[in-house]
Amino acid sequence: TASCSTVLLNLQPGTQYTVNVCTVLENGEQSEAVSQTIYTDPSPPGKLNISSVCETSVCLSWDRPTDMEGVPHTFRVTWENSRGQRGSITTDENPTVLSHLRCGTEYSISVCTVLQSTGLMSEPVHTNVCTKPSAPEGLKVEDVRSRSVRLCWDTPTKMKGVSYTYRITYTCDGEEPKEQTTGSNSSSADLCDLKPGVEYSFSICTVLHNGSRSRACSAQAHTQPSPPGKLEMSSVCETSVCLSWDRPTDMEGVPHTFRVTWEDSRGQRESITTDENPTVLSHLRPVTEYSISVCTVLQSTGLESEPVHTTVCTDSCLKQLVSGLGLENYLLEKLTLKVVLEIRNIENESTNSLRSLPWCFMRKLMMMSTTAR
C-alpha cells in the first residue's frame, strides 16, 4: 500500500497477531521491517436473557461469543441501579445469578468478554431489569359483615424510597375475580358489595410503577349471612308465642338455619336452632315480657348474622278464661245500661255452652237484686 495506514480484515477475535511493516522501492528492494504484536478484541457475548427475577436477585444468561472457540476467556458482568450504586463480577458461569440487589429497583446490566491472557475486554452488551418488590405480610380479615370485610396487613420490608401501590384481588366460587388498588401509605382496606354467607379468597401484592408485582399474600374468610327480615307474632298465648320472619336477602343456595333466642325480665335465657318458619316458642311464663332475637346461621361454619329483635308479653290466665266466656270486651269496662237491659230480657235457656253461662248467671243475679250491675 502507498498510504500510511491500512485495515487488516478477516482476523480472528481474541487472537495475538505480529504485524511487520517495511518500505519497498520500485525495484523491489525492501527496508528492515518494523514489528508490532497486537491482540484483536474478543467478540462480545450474544443476546442477554433474564430467566428469573426475584426480590433481591436475577438469573442472567447470554449466548456464546462468536469465533472464540479455543480462546481462553471469561465474562465481566456489571450492574448499576438508578441510585448510582454499582457492582461487578468476573465469571465463567453462564447462566449466573446476581444477588444482594435492592427490592423493586431498576438495574442496567452489561456483559463483556474478557481475554484471560491479557484482560482485554470486548464491547459490552446491555439489558435492563427491575427486581421484584417485596410483598406485604400478615394479611388478616377483620370486621367481617354480611356484605363487607376489612383487610389489614404489614407493610413490605426493604421498600424505603420505592414508589409502589397495593393491588387487592378477591373472589368466591362462581364469580370473576375483582381488584382494588390502594396507596402505599395504607395498611388496611374495606371491601364492600360482597355476597353474604360465602367464602372469599383474598390476596394482596405490591405493584411498581412499571406494573411489576410481588408475590401475593393470601387469606380466606366467610362473610356473615344476611339477617332475617321483619319479625312478626301471629299468636300470643299464656305460655307460648308463634313467631315468623321474612327470608334473609341474597341467601338463595346457601345452606342455613336460624337461631332463636328469648330472655325474660328475670334474665332467664333460652335458645333453639331451627329451620321451621314460623316456629312456636313454648314453656313460657304467663304475663311475662320477653325479648326475642333471631339470627341466620351458616350450616357450614356456624357463623351467625346480626340478630333481629322484638319484644312480646305473654297473656294472663285470667284473660284466657274471660275470652273463653265471651267477656273479653268487658274485662276492663263496666256493663253499659243497654247491656244490662238486654240481660234482663234474656229468655230462660239451658247453659249448655261456656259462653252462655255468665249471662244466665247475671240474669238470675239481677232477678234477686234489680240494682245489681
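The values are calculated or read from the model by the stated rules, or taken from the named source; none is laboratory data. Fair warning: this is a prediction, and the values are worked out from it, not measured in the lab. We place every Cβ from the backbone using ideal geometry, glycine too, and count neighbours over all the protein chains shown. Surface areas here come from the heavy atoms of the whole protein model, side chains and all, with no ligands, DNA or RNA. Shrake-Rupley method; radii C 1.70, N 1.55, O 1.52, S 1.80 Å.
Note that region 125-137 has calculated 3J(HN,Hα) couplings of 10, 10, 7, 10, 8, 10, 5, 5, x, 6, 8, x, 10 Hz, one per residue in order, obtained from phi through the Karplus relation 6.51 cos²θ - 1.76 cosθ + 1.60 (θ = phi - 60°); glycine and proline are x. The residues packed around Gly46, meaning those with a beta-carbon under 13 Å from its beta-carbon, carry a net charge of -1 if Lys and Arg are +1 and Asp and Glu are -1.
Rounded to the nearest 10 degrees, the angle from helix 357-368 to the longest Cα principal axis of the chain is 30 degrees. Here semi-axes √(5λ) of the Cα gyration tensor in Å was computed from the coordinates, and among [x] 35, 29, 20; [y] 32, 24, 23; [z] 103, 15, 14 the match is [z]. Among the trypsin sites (Lys or Arg not before Pro) in region 6-94, those located in a DSSP loop and surrounded by at most 13 other Cβ atoms within 10 Å of their own Cβ are Lys47, Arg83.
Highest mean first, the peptides 241-253, 107-119 sorted by other C-beta atoms within 10 Å per residue fall in the order 107-119, 241-253.
Ellipticity at 222 nm from helices only: DSSP H runs of n ≥ 4 in the chain, each -39500 (n - 2.57), divided by the residue count, give -2000 deg cm²/dmol. On the beta carbon distance between Ser5 and His126, with R0 = 30 Å, the FRET formula returns roughly 0.45. Near Tyr290, within a Cβ-to-Cβ distance under 13 Å, what is the net charge of the other residues, with Lys and Arg +1 and Asp and Glu -1? Around Tyr290, the surrounding residues sum to -3. The figure for Val24 is an accessible area of roughly 80 square angstrom, using a 1.4 Å probe on the protein chains alone.
For Ser82, the accessible surface of its heavy atoms amounts to roughly 100 Å² (probe 1.4 Å, protein chains only, rounded to the nearest 10). Counting Lys and Arg as +1 and Asp and Glu as -1 over every other residue whose Cβ lies under 13 Å from the Cβ of Met121, the net charge comes to -1. Relative to the Cα centre, the charge distribution of region 200-251, modelled as +1 at Lys and Arg Cβ and -1 at Asp and Glu Cβ, gives a dipole magnitude of about 500 debye. Considering only His209, Pro72, Ser305, and ranking their Cα positions along the charge dipole of the chain that arises from unit charges at the beta-carbon of Lys, Arg, Asp and Glu, the one farthest toward the positive end is Ser305.
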